[in-house]
Amino acid sequence: MSALEKRISSKSEEMNFSGVAHLVQNGQLILHKAYGYANRSEKLENNIDTRFGIASGCKLFTAIAICQLVEQGKLTFHTKLKDCLSVPFPNFSEEITVHHLLTHSSGVPDYFDEEVMDDFEDIWKEIPMYLMKNTRDFLPLFQNGKMKFSPGERFHYNNTGFLLLGLVIEQLSGMSVTSYVEEHIFKRCNMDKSGYYSLDRLPNNTALGYIDEANGMWRTNLYSLPIIGGADGGAFITTSNMINLWQAVREHNLLSETMTGLLFTSHVQTGQGGCYGYGVWIEESTALGRKYHVMGYDPGVSFASAYYPERDCIVVITSNKSSGPHDILEVIEKEWK
């Protein structure tokens with residue numbers, strides 16, 4: 001066992017981590033190990049091919065889809081929302097562009113505003129989660145809302161913005177956003193064990209999400225999330241499939257070299273010492289060089305994945321608990337330093 005694997009195993013035991021850690025450097029497998037249970041009731045352990053939900057980690061997929069449509073000439077990053085989507089939004093600014101939506105700088109009202117809302121589950125107290133089966137089902141949550149600020153004024157992480165991008169993808173492609181991503185992204189980079197699955201119809205070897213409560217009690221997240229994911233989050237992946245995604249992006253198999261450069265360009269400052277590209281967080285200068293990363297948090301779901309080009313390294317960490325991946329990622333980064 002390598003020193004890195006020992007440190008990760010120690011951290012895993014300390015925090016009762018449940019998930020998979022996967023690390024590839026210079027094309028060589030450095031680590032691929034599973035921890036914890038995919039099904040606690042049945043004592044079914046996670047394995048390296050277990051599927052996990054990744055919450056907002058799949059905003060990158062939506063961004064790539066939009067970039068593909070731009071390459072096809074169906075819109076530009078400066079196309080205004082009102083010109084590429086027929087759905088009416090009476091209180092929205094007419095100056096919102098695709099670029100604003102991709103960079104969380106549109107100012108549109110967020111159906112789950114993480115600056116003021118603590119618990120994603122609270123949304124489903126009024127609207128049954130099992131009714132949220134497609135992008136348009138979310139419209140009542142924000143369609144008549146008021147702008148938070150003028151487009152381009154600042155960065156404000158926004159889930160609604162990516163739902164709007166999903167509607168754009170659907171209108172321009174004639175496909176549901178989930179079908180588009182599965183057909184034009186997952187298939188093209190051999191993400192053969194990934195997809196948007198209904199929570200009440202999960203395929204084999206898929207981890208159930210768990211929410212830990214007081215006194216050692218726990219429950220699954222079946223009633224805590226929309227029943228199926230979409231443009232702003234909720235896909236299921238394996239760590240190997242996510243490695244394939246990063247490799248396909250950097251090798252320009254999904255987008256041209258020029259468009260990939262735009263995806264990875266620092267378009268807006270996040271106000272936290274970092275930047276945001278199109279669907280991806282960027283840290284310009286870390287001890288490990290430039291870092292591109294995606295993350296996701298939902299009740300019973302947490303996810304972190306990063307690409308370090310100077311190190312030619314890709315890390316993917318999935319979990320079927322509400323925390324853990326960033327702690328494991330911190331161990332990896334400290335070991336490299």
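Nothing in this text is a laboratory measurement; each read-out follows from the coordinates by a stated rule. Being a predicted model, the structure only gives us computed values, none of them experimental. Glycine also receives a Cβ, built like all others from the backbone with ideal geometry; neighbour counts cover every protein chain displayed.
Over region 3-336, what is the percentage of antiparallel beta bridges among all DSSP beta bridges, to the nearest 5?
Working: 46 of 47 bridges.
Percentage antiparallel, nearest 5: 100.
Add -39500 (n - 2.57) for each DSSP H run of 4 or more in the chain, then divide by its residues: what number comes out at 222 nm, to the nearest 500 deg cm²/dmol?
On the way: 9 runs with 86 residues, N = 337.
Value at 222 nm, helices only: -7500 deg cm²/dmol.
Take peptides 297-304, 14-21, 127-134 and line them up by average Cβ neighbours within 10 Å, highest first, as a rough protection proxy. Could the numbers behind the result be given before it?
Details: 297-304: 25.6, 14-21: 21.4, 127-134: 14.5.
Per-residue Cβ counts within 10 Å, averaged per peptide and sorted highest first, yield 297-304, 14-21, 127-134.
Out of these labelled values of volume of the Cα convex hull per residue in Å³, (1) 172; (2) 144; (3) 131, which was calculated from the coordinates shown here?
It is the one labelled (3).
Taking the Cβ of each residue in C313, C58, C275 as the centre, tally the other Cβ atoms inside 10 Å and list the residues starting with the fewest. Kindly include the intermediate steps, with their values, before the conclusion.
Working: C313 21, C58 32, C275 18.
Fewest-to-most Cβ neighbours within 10 Å comes out as C275, C313, C58.
Out of residues 5 or more away from S302 or on other chains, whose amide H comes under 5 Å of its own, with H placed 1.01 Å from N in the peptide plane?
S319, K321
Post the alpha-carbon centroid distance, region 260-337 to region 1-67, in whole angstrom.
14
Taking loop as defined by DSSP and a crowding limit of 12 other beta carbons within 10 Å, which trypsin sites (Lys or Arg not before Pro) in region 1-85 fit? Walk me through the intermediate numbers first.
Details: sites: K6, R7, K11, K33, R40, K43, R51, K59, K74, K80, K82; in loops: R40, K43, K74.
Here the sparse-neighbourhood loop sites are K43.
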